[in-house]
Amino acid sequence: MLKTAVQEQLLPGETLQAKWDFAQAAGYDAIELRGKGDLHFASRLDELKRAAKDGVVMPTVCVDMLHFFGAFDTALRADAITQMKSQLTVIAEIGGLGAQTPASYGMFSRRLPPFEPPRSEEEDREILLAGLTELGEHARREGVTLFLEPLNRYEDHMVNRLEQAADLIRSTGLDSVKIGIDSYHMNIEESDPAAAILAHADLIGHAQVSDSNRFQPGAGHLDWPAWLAALHTIGYDGYLAAECRLTGDPVAAVRSIPAFLQRSGA
């Protein structure tokens, strides 16, 4: 049986408890939280603890910031690492599994002028390894996992495919860093998404889902049976967290996701 989660901003309701009531009725097993910058996620700790006490299942947090640990600017990199450490600590405090982040988002694309980034590939790698190692060591101390998410080439120029994430993670030597896969980005970057899942089975720690057009699963042309079958083959027992836009009636759209995924993975 697939375990499904949904990001909190997609759910109707003013509180996490109200959102959880809707999520359960729709067939979800958990809520994925969003972690904004300026230590906003830490400021929610009392709210999150109350929700956890009331039975809300919140295994993961996905970063929701403007800069990340692979930023060009030294101060922005340092701040991103501070924010992510805080998010890892908070998710650990409420009994969660870990936090997901890309290396960068919207910082640079080789697909747009000037085409060549201001930092060499060697410098990129050095920066990414330093950040992943620092965050991974913090995650290990907290007893949770850092999930590195490859993004498509238009959103990040450094980590686009699972093999790139796997290479960096193996270089850290840390079991506390895993790949957080996203079906939307994989549809763009992987020549065979299912094969990529099979090839990196030992490092896949989390999964986010949306269709080929970034709308809810079922609204695009992604080959869900093949993608889900690959996860089943590798014995993935984590959550499938809906991170998507919604087309059509938003309430009906978010309600449709668990049933669609169950049918597609049957």
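The values are calculated or read from the model by the stated rules, or taken from the named source; none is laboratory data. Not measured: the values here are computed from a predicted model. Heads up, the Cβs are rebuilt from the backbone with ideal geometry, glycines too, and the neighbour counts pull from every protein chain shown. All accessible areas refer to the heavy atoms of the entire protein, side chains included, with ligands and DNA or RNA removed. Shrake-Rupley method; radii C 1.70, N 1.55, O 1.52, S 1.80 Å.
At a glance:
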quantity: Criterion violated by Pro113 - all others in (1) touching a helix residue (DSSP H, G or I) at 6+ places or on another chain (Cβ under 7 Å); (2) farther than 27 Å from Pro193 by Cα satisfied; calculated: (1)
quantity: Residue tally, condition surrounded by fewer than 20 Cβ atoms within 10 Å (Cβ to Cβ), out of contact with any Ser or Thr (no Cβ under 8 Å at 6 or more places or on another chain) and assigned to a helix (DSSP H, G or I), over segment 191-200; calculated: 3
quantity: Test: Leu39 is modelled with pLDDT of 95 or more and at positive phi; calculated: yes
quantity: Some residue of segment 127-137 being under 14 Å from Asp202 (Cα atoms), at pLDDT 95 or above, open to solvent by 30 Å² or more (accessible area, probe 1.4 Å) and among the acidic types (Asp, Glu); calculated: no
quantity: Number of the condition not met by Ser171 [criteria: (1) touching a Pro at 6+ places or on another chain (Cβ under 7 Å); (2) touching a residue at least 40 places away in the same chain (Cβ under 8 Å); (3) closer than 17 Å to Leu148 by Cα]; calculated: (1)
quantity: Pair list, Cβ < 8 Å and 6+ apart or interchain, from segment 174-188 residues that are under 14 Å from Phe215 (Cα atoms) and polar (S, T, N, Q) to residues that are assigned to a helix (DSSP H, G or I) and open to solvent by 10 Å² or more (accessible area, probe 1.4 Å); calculated: Ser183/Pro193; Asn187/Pro193
quantity: For Gln9: the one exception among (1) open to solvent by 10 Å² or more (accessible area, probe 1.4 Å); (2) outside any helix (DSSP H, G or I); (3) in contact with a strand residue (DSSP E or B) (Cβ under 8 Å, 6 or more places away or on another chain); (4) over 17 Å from Ile91 (Cα atoms); calculated: (2)
quantity: Single match in Ile188, Ile179 (criterion: more than 19 Å from Gly27 (Cα to Cα), hydrophobic (A, V, I, L, M, F, W, C) and buried (at least 20 other Cβ atoms within 10 Å of the Cβ)); calculated: Ile179
quantity: Extreme residue, farthest from Glu134 (Cα to Cα), among residues of segment 48-86 that are among the small types (Gly, Ala, Ser) and open to solvent by less than 10 Å² (accessible area, probe 1.4 Å); calculated: Ala51
quantity: Qualifying residue in segment 107-124 (condition: closer than 13 Å to Val63 by Cα and open to solvent by less than 30 Å² (accessible area, probe 1.4 Å)); calculated: no
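Residue-by-condition table, conditions (1) within 17 Å of Glu32 (Cβ to Cβ); (2) in contact with a helix residue (DSSP H, G or I) (Cβ under 8 Å, 6 or more places away or on another chain):
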{"position": "Leu222", "(1), (2)": "no, yes"}
{"position": "Trp227", "(1), (2)": "no, yes"}
{"position": "His232", "(1), (2)": "no, no"}
{"position": "Leu240", "(1), (2)": "yes, yes"}
{"position": "Cys244", "(1), (2)": "yes, yes"}
{"position": "Asp249", "(1), (2)": "no, no"}
{"position": "Ala252", "(1), (2)": "no, no"}
{"position": "Ala259", "(1), (2)": "no, no"}
{"position": "Ser264", "(1), (2)": "no, yes"}
